[in-house]
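Okay, structure first, notes after.
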Amino acid sequence: MAAKQFFRETASGIPVTLSGETAGWEIRFESCCRDGVEFLECELSATEPLPPPRLMISLSVPQREMQVKWHPLNELWEVHHNLPWWRDIFRTGLTQDAPVCCYLNLRGENQFCFALSDARRECRIATGLHENGRTIAELTLFSTPEPPLRRVSFSLRIDRRPLPLARLLAAVSNWYAAMPEYTPAPVPEAAEEPFYSTWYQYQKDVSQEELERELPLIAGAGMRSIILDDGWQCELAQQPGGEAAYANCGAWIPYPGKFPDLAAHVERFHRSGLRYLMWIALPFVGRNEKVIQERFRGKFLEVGSESGVLDPRYPEVREYLTDVCLRMVREWNLDGLKLDFIDQFRIDDGDPAAARGYAGCDPAGLPDAVDRLLSGIIAGVRALKPDILIEFRQHYNGPGMRKYGNIFRASDCAFDCIQNRVRIADIRLLAGETAVHSDMIAWSVDDSVESAALQVLNVLFAVPQISMRLQTLPADHMRMLKFWLGFWMEHRETLLHGVFLPEHPELGYPVLQASGKEECVIVVYEADRLIRIPAEGTTWLVNAGGAPGVAAELDAPAELRYFNVFGEPAGGVKAAAGPGRFAVPESGFAMIVPE
């Protein structure tokens, strides 16, 4: 059957085509404008339940002043570059980023931004430069099979106001947050205090005895929560060849040789003033958990050689996973859960439940089932602990996931301070008030203290997660870590809740800035980049450029007081308004007070 096309032109003259095999469906496809933002509204209705038709929304705008492209799925090697449309194709959904993309000029001003209201269903997006001199966007909806329904609607938000990136995406984030289906979870203060994580330093070779030796050092360094990551549930440290194994996932019982009394262990951390969170790979059942494998036979989305992915469309699967999470929190008195691999709840190469006519599934739609699963887990654990902490990892940190989690962590980038910084900035731009955490930071104990400090300085605009064996840290590294965690706590309100200004995503955000009521924190990550210092309030200028000295232009005469990597005084100078080069120590900072 030939696809039908529906054409509209927005108020600003953007041509839009909706196409698909829509037999049996009545289509309403309209355009409106509110407060300078355009909305394309689409509603499909049918007299009898039908599977939603595969639809494509196509639109294009002239390629004018569009040198930079931002969307949340970028990896570091892409760095928000403006790729051809046929190269930049990505998939979004409830557990995969957000259907948002915007084009900027080199001054950081928006030229064209679109966002799809349905951030739960899978959407495949191809967007970028076309050979005809236009920028195109093609959004394919209902690209995976869905059970029949009678009505479905969505809207496409188009914003062409010349706003800076942070303001532009804050408006998009607020638009999503105002939708009842995406109402964000509350964020306890505990989500915004420094964390310790076991992962990079211990991997699976973690134990109760070892962590309790670390305990006084964790507390003494200023961290307030610990995340016990993978390895607590199994004897095996690694597979042959060093690859991580998930063969022992599914039962979620502590391995007694490592954690003989987990509840008492958690209580020791509580007595020292630390909260305790634990990792769980929620979808996985490993091949070694044969009883659970058999219990849920035929109720997996995928089965691999090491583990299978449970299908949450089956009520008994949701009940089991919810009971596991409740048991963990209740029996061990946990303060939070790190729910990992949520993005594995997906359908790639065929739907086994669809092949059986969705027998036993309730609901039949996967996004709806994931919503029921996560909503049930969160409601249950909040009943036990109202301020429970729930961490999700990038890239399952889209608008829909704010409903369940209160912590979004940058995805794994061990030892890569630059990628950590880029990931943090990208997450923050759409995260609203949800707490954004760094990936766990680690460094070599053989490195200079100034170089080691760069790992911390690159994550100042997120909640730091530290993954170092503190018992093995050189004394000067520990002094550095304690100082900068203290600095972060002192300026936390500005760093996390001030007006956030990320500059040049296409260059990896070489400068990040946040302004509060009485202070501004600026961190420069590129040597010799000229930084503007405002005339009002105190400015804290952090030198994370890897070399001594910072170039800056003062809007007013000021006194500069220098501090080294340990926060110790290192001289100062009085300077007139205008440009200059200032002797800010490497991995240190300047306190700048206008006269």
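The values are calculated or read from the model by the stated rules, or taken from the named source; none is laboratory data. On a predicted model such as this, the values are computed, not experimentally measured, just so you know. Cβ sites come from the backbone with ideal geometry, for glycine too, and all protein chains shown count toward neighbours.
The table below gives the values:
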| quantity | calculated |
| --- | --- |
| Complete set of residues in region 283-315 that are of a type in the set (A, V, I, L, M, F, W, C) and outside any strand (DSSP E or B) | VAL291, ILE292, PHE296 |
| Selection from region 167-221 of residues that are charged (D, E, K, R), in contact (Cβ under 8 Å) with a residue 40 or more places away in the chain and loosely packed, with under 15 Cβ neighbours inside 10 Å | GLU181, GLU212, ARG213 |
| Residue match in region 575-584 (condition: touching a residue at least 40 places away in the same chain (Cβ under 8 Å), surrounded by 14 or more Cβ atoms within 10 Å (Cβ to Cβ), touching a helix residue (DSSP H, G or I) at 6+ places or on another chain (Cβ under 6 Å) and in the same structural domain as GLY545 (by TED's automatic domain parsing)) | no |
| Residue check, ILE424 closer than 23 Å to ALA171 by Cβ and without any contact (Cβ under 8 Å) to a residue 60 or more places away in the chain | yes |
| Hey, GLU519 outside the structural domain of LEU165 (by TED's automatic domain parsing), modelled with pLDDT under 95 and touching a strand residue (DSSP E or B) at 6+ places or on another chain (Cβ under 8 Å) or not | no |
| Residues that are touching a residue at least 60 places away in the same chain (Cβ under 8 Å) and within 8 Å of the chain's Cα centre (by Cα), drawn from region 393-406 | HIS395, TYR396, ASN397, GLY398 |
| Tally, over region 562-571, of residues that are in a strand (DSSP E or B) and buried (at least 17 other Cβ atoms within 10 Å of the Cβ) | 3 |
| Within region 22-59, considering residues that are of a type in the set (Val, Ile, Thr) and assigned to a strand (DSSP E or B), the one farthest from ASN174 (Cα to Cα) | THR47 |
| Output for region 351-365, where each listed residue is surrounded by fewer than 18 Cβ atoms within 10 Å (Cβ to Cβ), under 30 Å from the mean Cα position of the chain (by Cα) and closer than 12 Å to GLU146 by Cα | PRO363 |
| Filtered residue count, region 7-21, keeping only those that are part of a strand (DSSP E or B) and surrounded by 13 or more Cβ atoms within 10 Å (Cβ to Cβ) | 7 |
| Filter result for the condition that a residue is among the acidic types (Asp, Glu) and either at pLDDT 95 or above or part of a strand (DSSP E or B) (or both), over GLU536, GLU526 | GLU526 |
| Filtered residues of region 543-561 (kept if buried (at least 17 other Cβ atoms within 10 Å of the Cβ) and within 15 Å of CYS520 (Cα to Cα)) | ASN543, ALA552, LEU554, ALA558, LEU560 |
| Of residues in region 284-298 being of a type outside the set (Val, Ile, Thr) and surrounded by 20 or more Cβ atoms within 10 Å (Cβ to Cβ), the one farthest from the chain's Cα centre (by Cα) | GLU289 |
| Test: SER467 is in contact with a Phe, Trp or Tyr (Cβ under 7 Å, 6 or more places away or on another chain) and either assigned by TED's automatic domain parsing to the domain that holds ARG224 or in contact (Cβ under 8 Å) with a residue 60 or more places away in the chain (or both) | yes |
| Single residue of region 328-370 satisfying the filter (modelled with pLDDT of 95 or more and among the basic types (Lys, Arg)) that is nearest to VAL381 (Cα to Cα) | ARG330 |
| Among the candidates GLU26, GLU30, GLU38, GLU43, residue that is touching a strand residue (DSSP E or B) at 6+ places or on another chain (Cβ under 7 Å) and over 20 Å from ARG151 (Cβ atoms) | GLU38 |
| Criterion violated by TYR509 - all others in (1) at positive phi; (2) modelled with pLDDT of 95 or more; (3) surrounded by fewer than 21 Cβ atoms within 10 Å (Cβ to Cβ) satisfied | (3) |
| From ALA453, ALA435, ALA462, residue being buried (at least 22 other Cβ atoms within 10 Å of the Cβ), of a type in the set (Gly, Ala, Ser) and free of Cβ contacts under 8 Å to residues at least 60 places away in the same chain | ALA462 |
| Residue match in region 246-257 (condition: exposed (fewer than 14 other Cβ atoms within 10 Å of the Cβ) and farther than 21 Å from LYS482 by Cα) | yes |
| Counted residues, region 550-574 - those being over 21 Å from ALA514 (Cα atoms) and either without any contact (Cβ under 8 Å) to a residue 24 or more places away in the chain or small (Gly, Ala, Ser) (or both) | 7 |
| Failed item, numbered, when ASP323 is tested on (1) within 21 Å of ALA383 (Cα to Cα); (2) touching a Leu at 6+ places or on another chain (Cβ under 9 Å) | (2) |
| Number of positions in region 52-94 that are of a type in the set (Phe, Trp, Tyr), surrounded by 18 or more Cβ atoms within 10 Å (Cβ to Cβ) and at pLDDT below 90 | 2 |
| Residue in region 395-414 that is in a helix (DSSP H, G or I), within 25 Å of TRP443 (Cβ to Cβ) and outside the structural domain of ASP340 (by TED's automatic domain parsing) present | no |
| Test: residue in region 99-108 that is modelled with pLDDT of 95 or more, part of a loop (DSSP other than H, G, I, E, B) and under 23 Å from the mean Cα position of the chain (by Cα) | yes |
| Positions within region 382-402 being farther than 22 Å from TRP199 by Cβ and either surrounded by fewer than 22 Cβ atoms within 10 Å (Cβ to Cβ) or of a type in the set (A, V, I, L, M, F, W, C) (or both), in sequence order | ARG382, ALA383, LEU384, LYS385, PRO386, ASP387 |
